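Each value in this text was obtained by applying a stated rule to the coordinates, not by laboratory testing. These figures come from a predicted structure and were not determined experimentally. Cβ sites come from the backbone with ideal geometry, for glycine too, and all protein chains shown count toward neighbours.
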Amino acid sequence: MAQTNTQNTSHSQTDTFSPVKIAFIGAGNMTKAIIKGMVANGYPADLIMATNPSLPKLTALQAETGCHISQDNATALTFATTVVLAVKPQMLAQVCAVLPVSDVPKTQFISIAAGVSVARLQDMLGAPCSIVRTMPNTPSSIGMGMTGLYASADTPQSLKDCAEYVLTQVGDVLWVAHEEDINTVIAAAGSSPAYLFLFAEAMQAKTEALGLSAEDAKRLVAQALAGAGAMLLANPDTDFGTLRKQVTSKGGTTAQAIDYFNQAQLADIIAGAMQAAVDRAVAMQSSM
Ligand SMILES: NC(=O)c1ccc[n+]([C@@H]2O[C@H](COP(=O)([O-])OP(=O)(O)OC[C@H]3O[C@@H](n4cnc5c(N)ncnc54)[C@H](OP(=O)(O)O)[C@@H]3O)[C@@H](O)[C@H]2O)c1
């Protein structure tokens with residue numbers, strides 16, 4: 001599917017987005033990472049609210065960022081007209097059910113809940129409203145995230161700008177043209193950190209089997225993968241294949257390892273795994 005645009009955005013996007021009141025329902029890891037990023041980039045804490053049923057996370061967040069807090073989710077909709085739904089997907093129906101239906105049409109929503117379609121969310125909210133659906137990934141928690149965003153054609157530009165600003169606080173963002181493209185984002189960026197962790201586990205195990213300590217093996221593998229990831233980003237105009245060829249001397253050790261991967265049809269295995277992720281995303285979405 002075609003993508004509408006690729007945003008190679010950075011945190012400096014703060015410069016072009018005019019702050020508005022934003023409330024976050026759910027004060028967990030993602031909300032904390034996003035609000036910390038916003039405040040660090042100069043967003044007035046006074047314009048931000050987080051709601052959560054239990055107090056400890058809220059008070060810690062308030063102490064760290066200075067944002068408003070409330071244990072009542074409905075307050076989010078009276079405080080702000082832009083609300084980020086940042087609870088676990090399985091909590092979403094319960095959370096939406098207690099929001100005042102009369103406040104929903106005048107509210108714009110940004111959902112970061114994985115696997116919940118715009119139509120399903122609209123259903124849960126019980127009244128028509130504008131929604132941007134997003135799919136962040138785990139590295140968002142350290143500001144290295146990759147988030148896919150989707151909005152229908154009639155979504156106000158102001159909401160799209162706001163969603164892009166919010167998710168840019170925790171990494172890069174990519175708009176997709178069709179909602180089903182979010183499933184591709186899941187396979188390529190949402191689930192893929194785990195593919196690399198699996199690769200890292202296997203590499204660590206073999207390094208240990210070859211005689212190094214667990215600690216040394218972990219260090220070697222982590223730094224090599226981090227360095228390779230950084231090279232991918234540092235060379236945006238270079239094909240991944242070219243980077244690979246640059247470290248693969250003919251007849252050398254890397255070539256031998258790559259040949260082994262190719263004989264085992266690694267590319268087919270990866271394609272199969274990604275298709276399995278897409279298929280699962282489709283199945284989960286229809287059961288939400
Ligand atoms: N973390 C990631 O890297 C990541 C990546 C991709 C997508 N996401 C999505 O982002 C969303 C948030 O993830 P997260 O990692 O931030 O999860 P989290 O740390 O578990 O945060 C969820 C928060 O929601 C709160 N909550 C529970 N019931 C609530 C209710 N009825 N009303 C308001 N808040 C309620 C929880 O409070 P208590 O702890 O007090 O119950 C918790 O603070 C999820 O939908 C997840 O799928 C996260």
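Annotations
- Filter on K32/K160; K36/K106; K88/K160; K21/K106; K57/K88; K36/K218 - keep pairs with C-alpha separation over 18 Å: K32/K160; K36/K106; K88/K160; K36/K218
- Protection proxy ranking of 227-236, 182-191, by the mean of other Cβ atoms within 10 Å over each peptide's residues and highest first, is 182-191, 227-236.
- The modelled label-to-label distance for the pair Y195/A222, using points 7 Å beyond Cα in the direction of Cβ, is 2.3 nm.
- Inter-part distance where the stretch 238-288 and the stretch 107-133 are each reduced to a Cα centre, Å: 34
- Whole-number percent relative contact order across the chain, with pairs defined as alpha carbons under 8 Å at least 6 apart: 17
- Prolate/oblate/rounded label for the chain (Cα gyration tensor, a/c 1.5): prolate
- Listing S287, S130 from fewest to most neighbouring C-beta atoms within 10 Å gives S287, S130.
- Distance-filtered residues of the stretch 31-47 - backbone nitrogen under 20 Å, label point 7 angstrom along M91 Cα→Cβ: 31-37
- Amide H contacts under 5 Å for T147, placed H, 5+ residues apart: D172, V173, L174
- Gain in span if fully extended, T238 to H178, counting 0.36 nm per residue against the direct Cα distance: 18.8 nm
- Residues listed by number, the stretch 169-202, amide nitrogen under 12 Å from F261 label point at 7 Å toward C-beta: 196, 199-200
- 222 nm mean residue ellipticity, helices alone, for the chain (DSSP H n ≥ 4; -39,500 (n - 2.57); rounded to 500): -15000 deg cm²/dmol
- Theoretical gain in end-to-end length, L55 to I269 [0.36 nm per residue, Cα-Cα removed]: 72.5 nm
- Highest mean packing first, where packing is the average number of other Cβ atoms within 10 Å per residue, the peptides 68-80, 203-215, 95-107, 251-263 line up as 68-80, 95-107, 203-215, 251-263.
- Just checking the listed ones, R244, R120, R133: in the Gaussian network model of the chain with Cα springs under 10 Å, the one fluctuating most is R244.
- For A276 and S158, the FRET efficiency from 1/(1 + (r/R0)^6), where r spans their Cβ atoms and R0 equals 41 Å, is about 0.60.
- Highest GNM mean-square fluctuation among Y195, Y165, Y150, for the chain modelled with Cα contacts below 10 Å: Y195.
- Kyte-Doolittle mean at least -0.5, axial Cα span of 20 Å or more - DSSP H helices of the chain: 192-209, 214-234, 266-287
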